[in-house]
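Visitor: I am attaching a structure below and will ask some questions about it afterwards.
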């Protein structure tokens, strides 16, 4: 009977774990004494929603659908139609890669406007993209049938080729 009394005085493993706050048997409320961190997923979604709101019309899902149609229809018969519908609704895109893609429409006005837009954003582009833009416009200068577009391309290359 002496052994029985000794065991009752000694804490059980469950009590020891409870004291350490590591046991599965302890209520979660007792374990959550630390400060809760903000949910990363929720903050990312809120940030994305704010960015879309600040973009205005270009932050809508309809814009994204038309934008994706440009990229997915490249090389097909509907490419020029999709580019025209995008430009009618939203104007020229803001990114250089899509502008370079648009220059393959063979529409004189669209190509000229794309070159003008690239001239506006050229200095903000990363070096690799600057090199791509120079290559694309030099190709346009060589193969384009329109004299107006070739002159625009040549003027662009004179202004920006030296600043590579």
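Visitor: Taking the condition modelled with pLDDT under 90, surrounded by fewer than 13 Cβ atoms within 10 Å (Cβ to Cβ) and either in contact with a strand residue (DSSP E or B) (Cβ under 9 Å, 6 or more places away or on another chain) or assigned to a loop (DSSP other than H, G, I, E, B) (or both), does residue 164 pass?
Guide: yes
Visitor: Given the options 137, 110, 121, 87, name the one that is within 23 Å of the chain's Cα centre (by Cα), part of a helix (DSSP H, G or I), surrounded by 18 or more Cβ atoms within 10 Å (Cβ to Cβ) and in contact (Cβ under 8 Å) with a residue 12 or more places away in the chain.
Guide: 87
Visitor: Which ranges mark the helices (runs of 4 or more DSSP H) fully within segment 23-73 that have 1 or more residues being at pLDDT 85 or above, surrounded by 11 or more Cβ atoms within 10 Å (Cβ to Cβ) and within 20 Å of the chain's Cα centre (by Cα)?
Guide: In segment 23-73, the matching helices (runs of 4 or more DSSP H) lie at 40-55, 61-72.
The values are calculated or read from the model by the stated rules, or taken from the named source; none is laboratory data. Quick caveat: nothing in here was measured; it's all calculated off a predicted structure. Neighbour counts are summed over all protein chains in view; Cβ atoms, including those assigned to glycine, are modelled from backbone coordinates with ideal geometry.
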